[in-house]
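Step one of this worksheet: look at the structure below.
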There are 2 protein chains.
Amino acid sequence: MNPPVSRSALKGGTAYIDEQFVPISEARIPILDWGFLRSDSTYDVVHVWQGSFFRLDDHLNRFLRGMQQLHMTLPHNRDRIREILFECVKLSGLHDAYVEMICTRGVPTAGSRDPRHCINRFYAFAVPFVWIADPERQKEGLHLIISHVHRIPETSVDPTIKNYHWLDLVAGLYEAYSRGGETAILSDREGNAIEGPGFNIFVVKKGKLTTPGRGVLEGITRRTVIEMGQMLNIPVETRNVSAEEVRQADEVFITSTAGGIMPVTKVDSRLLGDGKPGPITSQLHKQYWSLHQDSRYVSPVPYVSE
Amino acid sequence: MNPPVSRSALKGGTAYIDEQFVPISEARIPILDWGFLRSDSTYDVVHVWQGSFFRLDDHLNRFLRGMQQLHMTLPHNRDRIREILFECVKLSGLHDAYVEMICTRGVPTAGSRDPRHCINRFYAFAVPFVWIADPERQKEGLHLIISHVHRIPETSVDPTIKNYHWLDLVAGLYEAYSRGGETAILSDREGNAIEGPGFNIFVVKKGKLTTPGRGVLEGITRRTVIEMGQMLNIPVETRNVSAEEVRQADEVFITSTAGGIMPVTKVDSRLLGDGKPGPITSQLHKQYWSLHQDSRYVSPVPYVSE
């Protein structure tokens, strides 16, 4: 066994591995875990903002559903998982955090190729808040490239089960860099925009919001935008969105737990409108962050003062 | 730093992690490595049989090509990687081994989402030989299910870059189990057979061999079968193979570094022919293992006697 970890070593980033809380810099998983060697994992990411989890129960629901779909079970029930996530954040001392929970297939018994024989494993960690685009960058808006790479289709891997199959998204990123962009949206073979590395997309046209309806992760930030549309009387449609609709939009923004609602102001090297974040994007952005004060959405972390 | 590892602890399985050789049971990778959290990795597996690597240079070539395609670089050159693999096997003392080399994107700098800023990482390990179907099971032949899941298409992830995107293959396995089979072959959306979890497929019809020509990993065992076809005057075609051709074949076999050439005798609960491994499969099986004595294909491991 390892020696007990000092509390100060956990500050700034804490992981939960093999029933122990460890400093994030020392957090390691077995190389033989099929969660790595077969990417046979599901996960979820929730953020903590100004000391409170945002929509934690929605993230937990999605995580537990994904596990079930992948035939995975854990010795921990939902309450225990919730408790571990709170503990990771408390021990890290972070008030703005990116908190990940992971279930992997686990390590096979020697020589076995049968996933049913594995004992599934749970890992979690809290690290400082991660932005796809930080607030400074958001003032300008992002330069998005519509990639030639196709997002892995839902007939191969169910995108509603949050997963680590990212090689298509990474290829899209490298394509974006080579074409002068910052990030990419992948499409399907019919030319519809799907999703990007860690985010959903919305287009605004004539005061109406549209977001791809299938082939995508059903993001919690995406859902929040759909709900805010109802609150703010902005019509929202979920349906196929062609690449051309993205290029011709009045406004475009991306949504992610890693940063919330982030404006796109350039698509394939062309400015959208006047090249500034648009009014509906700004309205939703403001509303999104104000929901972080709303007790229906947040779960405060009871930090221990030292 | 960790204390030095005793040589006896390395017996039976050795990994190379962070420039050190460690017992496989203690081999761990950082949880934050994008090789795990984005499955942003490439790898290769070579086997050692009766004390010699089989076609090691072909595996190294494929691995290095995959790294290049994914924009990955390592401080180790090809000779050093080769040396590390030999060392893993020597230290493990295994004469029949499954040897894996891995390159991952690495751990991002804090807060970054840009893969270009990562320092790529190299891992390797040697464990006892793994069979998809062991020799006893091969006498009977496998029961293969043609899955309804589609293999991730090459327009999303290039299958010739060996990767860990297996959730489609794992779903295929669970489907096979639920339908009474042992393993599965996935198809594309046009209904062509593609590949299974860790293997390529061949069908034999009227003395002729056929294997899918696209959408697949170009397996080294697959290549060996194509070359053996030339040696043994058996015609081999690489082209689309429909699911129906698999069901109607005279013989079917699968190929993998994890077990070589393994007969399939039942497809979708129906026996192929008389339900026994067929003559061409048996001939190729015999030839495949005799090539493991051929100095053009093997690289003996200089074990250290103790």
_Calculated P(r) of the protein assembly as shown - Cα pairs past 49 Å, %_ = 14
*asked:* Tell me which trypsin sites (Lys or Arg not before Pro) from segment A:1-104 have a DSSP coil assignment and no more than 15 other beta carbons within 10 Å of their own.
replied: A:LYS11
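Length gain on complete extension for the stretch B:GLN293 to B:VAL236, per 0.36 nm per residue less the alpha carbon to alpha carbon distance?
18.1 nm
Where does chain A land at 222 nm, in deg cm²/dmol rounded to the nearest 500, when only DSSP H runs of n ≥ 4 count, each adding -39500 (n - 2.57), divided by all residues?
Working: 9 runs with 84 residues, N = 306.
Result for chain A, helices only: -8000 deg cm²/dmol.
So what are chain A's ellipsoid semi-axes, whole angstrom, largest first, if each one is the square root of 5 times an eigenvalue of the alpha-carbon gyration tensor?
Working: eigenvalues 227, 112, 59 Å².
So the equivalent ellipsoid measures 34, 24, 17 Å along its semi-axes.
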*Place +1 on the Cβ of every Lys and Arg and -1 on the Cβ of every Asp and Glu in chain B, take the dipole about the Cα centre, and give the residue among B:PRO128, B:VAL46, B:SER242 whose Cα lies farthest towards its positive end.*
B:SER242
*Gain in length, A:THR109 to A:GLU83, computed as 0.36 nm per residue apart minus the alpha-carbon separation, to one decimal in nm?*
6.4 nm
*asked:* With a cap of 16 neighbouring Cβ atoms within 10 Å, and only residues DSSP puts in a loop, list the GluC sites (Glu not before Pro) found in segment A:214-281.
replied: A:GLU218
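Relative contact order, percent, of chain B when contacts are C-alpha pairs under 8 Å separated by at least 6 residues? Write out the running numbers ahead of the final one.
Numbers: 622 pairs, mean separation 56.6, N = 306.
Relative contact order, chain B: 19 percent.
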_Let me confirm one metric for peptide A:125-131, namely the mean number of other chain beta-carbon atoms within 10 Å of its residues' beta-carbons._
2
_Kirkwood hydrodynamic radius (C-alpha pairs) into Stokes-Einstein, segment A:9-59, 37 °C and 0.692 mPa s, D in µm²/s_ = 249
*Calculate the dipole size of segment B:183-306 relative to its Cα centre from +1 charges on Lys and Arg beta carbons and -1 charges on Asp and Glu beta carbons; express the result in debye to the nearest 20.*
220
*Evaluate the relative contact order of segment A:173-306 (contact order divided by residue number), counting alpha-carbon pairs under 8 angstrom at least 6 apart; express in whole percent.*
21
*With only alpha-carbon atoms counted, please give the Rg and Dmax of segment A:9-128, in Å.*
14.3, 48
*With Cα atoms, 0 to 90° folded angle of helix A:220-231 axis to chain A main axis*: 50
*Distance histogram for segment B:163-261 (every C-alpha pair counted, 10 angstrom bins, percent rounded to whole numbers)*: 16, 50, 30, 5, 0
*asked:* Quick check for me: using +1 on Lys/Arg Cβ and -1 on Asp/Glu Cβ, what's the dipole size of the protein assembly as shown about its Cα centre, in debye to the nearest 20?
replied: 260
*Per residue, what accessible area does chain B have, given a 1.4 Å probe and all protein chains present, in Å²?*
40
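Loop only by DSSP, 10 or fewer other Cβ within 10 Å of the Cβ. Give me the trypsin sites (Lys or Arg not before Pro) in segment B:257-306 that pass, ordered by residue number. Please report the intermediate quantities before stating the final value.
Numbers: sites: B:LYS266, B:ARG270, B:LYS286, B:ARG296; in loops: B:ARG296.
Those that pass, being in a loop and sparsely packed, are B:ARG296.
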*Which value in nm describes the separation of the simple spin-label points at A:ARG214 and A:LEU74, placed 7 Å from the Cα toward the beta carbon?*
3.2
*Relative contact order (percent) for segment A:22-72, with alpha-carbon contacts under 8 angstrom and 6 or more residues of separation?*
25
*Between A:TYR303 and A:GLU140, what is the FRET efficiency for a Förster distance of 45 Å, r being their Cβ-Cβ separation, to the nearest 0.05?*
0.85
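Explain nothing, just the number: dipole magnitude of segment A:9-128 about its Cα centre with +1 on each Lys and Arg Cβ and -1 on each Asp and Glu Cβ, in debye rounded to the nearest 20. Please report the intermediate quantities before stating the final value.
Details: 14 positive and 14 negative charges, 52 e Å.
Using only the charged Cβ atoms, the result is roughly 260 debye.
The values are calculated or read from the model by the stated rules, or taken from the named source; none is laboratory data. None of these values were measured; they are calculated from a predicted model. Neighbour counts run over all protein chains shown; Cβ positions are idealised from the backbone, glycine included. The protein model used for the area step is the full one, side chains on, heavy atoms only, and it has no ligands, DNA or RNA in it. Shrake-Rupley method; radii C 1.70, N 1.55, O 1.52, S 1.80 Å.
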